[in-house]
Every structure is written in structure tokens, then in C-alpha cells.
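Below is one structure, written out as C-alpha cells; the observations come after it.
The values are calculated or read from the model by the stated rules, or taken from the named source; none is laboratory data. Because the structure is a prediction, the values reported are computed rather than measured. Ideal geometry is used to build each Cβ from the backbone, glycine not excepted, and the neighbour counts take in all protein chains shown. What goes into the accessible areas is simple: the full protein's heavy atoms, side chains included, and nothing from ligands, DNA or RNA. Shrake-Rupley method; radii C 1.70, N 1.55, O 1.52, S 1.80 Å.
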Amino acid sequence: MAQKPPKLKAILFDKDGTLFHYASVWQRVIEAGIDKAFSAIGRADDEQGKLALLRLMGVDGLGNNLRKGLVFTHSKVKIARRFLLFCLRHRLNPKKVMDEYEKQSKESGPLLREILQATDLSLVQQLFATLKEHNYIVAVITNDNEESTNLFLEEMKIQQYVDFIATRDTPGRKKPHPAIFTSFCKQFGLDPREVAMVGDTITDMLFAK
């Protein structure tokens, strides 16, 4: 007689694209970063270049996320190569563009809060509250940074339901490497078969596997 699988006790969630639609939140933030970068290099009127960089990053300007965009690419080598080729093609200074874009991204907190406060996240809130009512251990494992992740969980009003958070700032290997999963299971005394993974990308599926 086949042995019953262990009872599910914990659920790991990805953040971007899983708890909310990626482009509906991040597009305005990425657009702001690109606008600032192009203004800083004297190309404020280059709308074609801005749109092309927006698509390269992972959104199309119409509210759709593009899975082949840089924000969905986790290889630093691939990101650097594609970005440099883009800058050469459009005659852009890659260092100036990236420096200004990153500066804007670091200052994006107020805009993110504004967007999240205007977004209906009630279903996510209900889901997390229900999971805790049924005593599930809930984790969020993301390749976003810690500051941004905490801002999201706070504004989404689900921070109090999350037992474990891992970001790209967390020491050790990142998703999809199994190290963070092993650490999570050890911390909560879980058999890996007692854990489910919820995500929306190939990286999440590899992590689950």
C-alpha cells in the first residue's frame, strides 16, 4: 500500500508577478528611471530610445510584462551583455544611463507606495489571513532587495502574516539555488515534502524542483 504524502505545512511565495501583476506596479517606476537617465544624458526627447529600453527592461509600455526582459534575467553576464549591446546600438553611454537609472530606482519608494495604495490587493490580503488562520507557515522568497520587499509587504498589509523573508540581500546563494530552501526547512523543522512553492517564472519552477 502506497504511503500517504506528508501533510502540507508551509507555502513559499515569490513576490513580483505572483502577489501582483508585475507591469501594473513596476512599469511607472521603470519609466521614471528611464526618463531621468535620458534627461541626464541630454536625450530627454528620445521617446523611441526610452520605449526600446523599457521593453529591454521587461515591460512594453502598454501594461504588459515581457518575460525575456532584463528584470527577469538572473545571469549578471547576460544582463551586462544585452545592456551594452543596446547602448551601442542606440549610441548611449552605458555608465551614465545605468548610474542615473539606479539613482532613480533607489529613490522610488514614494512612487511605489502611491501605486500600491491605489491597487486593490484585497484578495492577497484575504489569502494570507486565511493561510495563517489554518496555521500554515508562510514565506516570501524573492530576488528583489530587502528594502523594497519590506515596503511591498507593508503597503500590501500582509507583513504580519509572513514568517520568513529571503531577498537578494540575504547572505548565501539566491533562488533558484536550494540553499535558502534548506535553511527555511531547517529553521522551521520541516520535511521538504511539507512545503509548496508558488511562483510565476522559470526561476520559481526550478526552485520548486
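Data overview
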quantity	calculated
Condition met for residue 33 (under 16 Å from the mean Cα position of the chain (by Cα) and over 14 Å from residue 90 (Cα atoms))	no
Scope region 77-107; condition without any contact (Cβ under 8 Å) to a residue 24 or more places away in the chain, in contact with a Leu (Cβ under 8 Å, 6 or more places away or on another chain) and of a type in the set (A, V, I, L, M, F, W, C); matching residues	79
Test set (1) open to solvent by less than 20 Å² (accessible area, probe 1.4 Å); (2) in a loop (DSSP other than H, G, I, E, B) - residue 116 fails condition number	(2)
Selection count, region 147-180, where residues are closer than 14 Å to residue 12 by Cβ, assigned to a helix (DSSP H, G or I) and aliphatic (A, V, I, L, M)	2
Candidate set: region 3-22, residues that are in contact (Cβ under 8 Å) with a residue 24 or more places away in the chain and basic (Lys, Arg); chosen: the one farthest from residue 123 (Cα to Cα)	7
Condition met for residue 207 (of a type in the set (Phe, Trp, Tyr), closer than 22 Å to residue 6 by Cβ and under 16 Å from the mean Cα position of the chain (by Cα))	yes
Region 108-122 residues that are under 15 Å from residue 157 (Cβ atoms), paired with ones that are in a helix (DSSP H, G or I) and among the acidic types (Asp, Glu) (beta carbon under 7 Å, 6 or more apart)	113/155; 116/155; 117/155
Complete set of residues in region 121-146 that are β-branched (Val, Ile, Thr), closer than 16 Å to residue 188 by Cα and assigned to a helix (DSSP H, G or I)	none
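Residue-by-condition table, conditions (1) over 16 Å from residue 18 (Cα atoms); (2) open to solvent by 70 Å² or more (accessible area, probe 1.4 Å); (3) touching a Lys or Arg at 6+ places or on another chain (Cβ under 8 Å):
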| residue | (1), (2), (3) |
| --- | --- |
| 120 | no, yes, no |
| 123 | no, yes, no |
| 136 | yes, no, yes |
| 140 | no, no, yes |
| 154 | yes, yes, no |
| 165 | no, no, no |
